C-alpha cells in the first residue's frame, strides 16, 4: 500500500523480470501445454504446471492463453497440426485420395512423437465435455470443413466425418486396446483394405 | 478371541446373516458393477461401492468376483452382451451382412440404456491399461474370434477388427465428440454409407 509502484503486478500480470517475451515464448508454452496434457490428462494438468514446464511465470501463461480451456485448445491445435495437412493431401485430386489419406494417417499414428498428443486429445475428449467441445470446434472448423470444401460428393462434411471416424477407430483398437492381429499388422495391409473405403466416402456419390 | 465361533468370519468371508445367496445375487452385483463403472469410471469405482449399490457385503462381492479387475471384467461382459449377439447376426449368411451389422450397432448406440455402459467401457480402456487388457481379452475371445470363424475371407479376425474399428469410431465422433452433421444424422443415412464398407470387409477377398 505504501509502495504503489510495486503493486503494479496484479494476479494476471507477471513480474517484469520474469516476463520472457519474444516469438519463442508462446511456442514454448504451447509445447509445454501439449506435453503436460498428453502426459497427465486434462484433469491433472494445471496452468501452474504448464508454466513450470515452460519455465515461465503462471501469469504469463494466463496472459497469452487465458483459461485452462483456452490453453487446452492451444495444445489441441498443436497436436492436430498433422491433420491440418490433410486439405493439402486432398487437394492433389481425387485419384488415389483414399490411399494417400490412409497412409498419411497411419504414418502419424505410427510415430510415437505425433501419436502421444493425439491419443491424449482423444482420451481427454472422451472423459471431459470441455475437452470434447474444444475438439469439436477445432476439428470441425479447421480440418473437416476445409476437407469438405474440396470434395465433390453429397454431404461432404458428413463423408469426411465418416472417413475420420474410421481412422479414429483404427487408432483406438490398434494402439490403445491393442487387439491382435490389428495391433501388429503391417501398415501396408491396413492401407490396402481401408483405402478403398476412404476413396468411396470421399469421391463416390 | 474368547468366542472362536464368531471369528469364523475372515476378511474375505461375509457374515452369515448378510449372505444373500441365490441366482439373483450375482446378477445384482454384476448389474451394480456395470452401473458403478459406467457412472464413476474405472478409477473411482470400488468393490465397496459396488457392494453398497447391490445391497450386499463387500466380502460377498470378493467371494463371487475376486479383485476389482475381475469385477470390471464381469461388468464389461455384461456391457458387451449386445455384441455377443453379433455372431448370430452374421450366421444368417453373407447377403446383406453389412447392413444388418451397421443397423444393429447403431441400434445399440442409439439406445441410451445400452450406450452408457459401452461408452464407459471405451472410456475406461482409453485411460487404464488394466481396463484395456480386460477389453482386449474379452472382445477378442468372445466376439471377434467367433465372428471370424463364420467369415469366408482371408485374415477373418483382422477383417472383423476393421469393421469393429469403424463402428467404434462412429460411436465416438457421433455420441461423444458430437461433431455435426454426424451427431444429428439419421441412422438410415449412416447405414446407407457404412453398410457397403462392412459388407466388403466381411465378405470380399
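Screening segment B:159-184 for residues that are farther than 28 Å from residue A:129 by Cβ and facing chain A (nearest Cβ under 7 Å) and picking the one that is surrounded by the fewest Cβ atoms within 10 Å (Cβ to Cβ) gives B:162. Quick one: would you say residue A:40 is out of contact with any helix residue (DSSP H, G or I) (no Cβ under 6 Å at 6 or more places or on another chain), assigned to a helix (DSSP H, G or I) and without any contact (Cβ under 8 Å) to a residue 24 or more places away in the chain? The answer is yes for residue A:40.
Can you find a residue in segment A:70-86 that is within 14 Å of another protein chain (Cβ to nearest Cβ), touching a helix residue (DSSP H, G or I) at 6+ places or on another chain (Cβ under 6 Å) and closer than 20 Å to residue A:29 by Cα? Steps first, please.
From segment A:70-86, those within 14 Å of another protein chain (Cβ to nearest Cβ) are A:76, A:80, A:83; that's our starting set.
Right, trim to touching a helix residue (DSSP H, G or I) at 6+ places or on another chain (Cβ under 6 Å) and you get A:76, A:83.
Of the ones still in play, those that are also closer than 20 Å to residue A:29 by Cα are A:76.
For segment A:70-86, residues within 14 Å of another protein chain (Cβ to nearest Cβ), touching a helix residue (DSSP H, G or I) at 6+ places or on another chain (Cβ under 6 Å) and closer than 20 Å to residue A:29 by Cα: present.
Can you find a residue that is surrounded by 18 or more Cβ atoms within 10 Å (Cβ to Cβ), assigned to a loop (DSSP other than H, G, I, E, B) and at pLDDT below 90 anywhere in segment B:14-37? Yes, segment B:14-37 has at least one match. In the set (1) under 30 Å from residue A:36 (Cα atoms); (2) away from every other protein chain (no Cβ under 13 Å); (3) in contact with a helix residue (DSSP H, G or I) (Cβ under 7 Å, 6 or more places away or on another chain), residue A:107 fails one condition alone, (3).
Would you call residue B:77 under 13 Å from the mean Cα position of the chain (by Cα) and either modelled with pLDDT under 90 or assigned by TED's automatic domain parsing to the domain that holds residue B:157 (or both)?
Working: under 13 Å from the mean Cα position of the chain (by Cα): yes; either modelled with pLDDT under 90 or assigned by TED's automatic domain parsing to the domain that holds residue B:157 (or both): yes.
Answer is yes for this residue.
In the set (1) more than 7 Å from chain B (Cβ to nearest Cβ); (2) modelled with pLDDT under 95; (3) under 19 Å from residue B:145 (Cα atoms), residue A:156 fails one condition alone, (3). Please give the number of the condition residue A:56 fails out of (1) buried (at least 20 other Cβ atoms within 10 Å of the Cβ); (2) assigned to a helix (DSSP H, G or I). With respect to (1) buried (at least 20 other Cβ atoms within 10 Å of the Cβ); (2) assigned to a helix (DSSP H, G or I), residue A:56 is out only on (2).
Among residues of segment A:17-30 that are farther than 15 Å from residue A:76 by Cα, those with a Cβ under 6 angstrom from a residue that is at pLDDT 90 or above, sequence gap 6+ or separate chain, pair up as A:18/A:57; A:20/A:56. For residue A:131, the conditions (1) in contact with a helix residue (DSSP H, G or I) (Cβ under 7 Å, 6 or more places away or on another chain); (2) within 14 Å of chain B (Cβ to nearest Cβ); (3) surrounded by fewer than 23 Cβ atoms within 10 Å (Cβ to Cβ); (4) touching a residue at least 24 places away in the same chain (Cβ under 8 Å) all hold with the exception of (3). Restricting attention to segment A:43-53, and to residues there that are within 19 Å of the chain's Cα centre (by Cα), more than 14 Å from every other protein chain (Cβ to nearest Cβ) and in a helix (DSSP H, G or I), which single residue is nearest to residue A:112 (Cα to Cα)? Here the answer is A:50.
The values are calculated or read from the model by the stated rules, or taken from the named source; none is laboratory data. Only a predicted model underlies this, so the values are computations on that prediction, with no experimental measurement involved. Glycine gets a Cβ as well: all are built from the backbone with ideal geometry, and neighbour counts include every protein chain shown.
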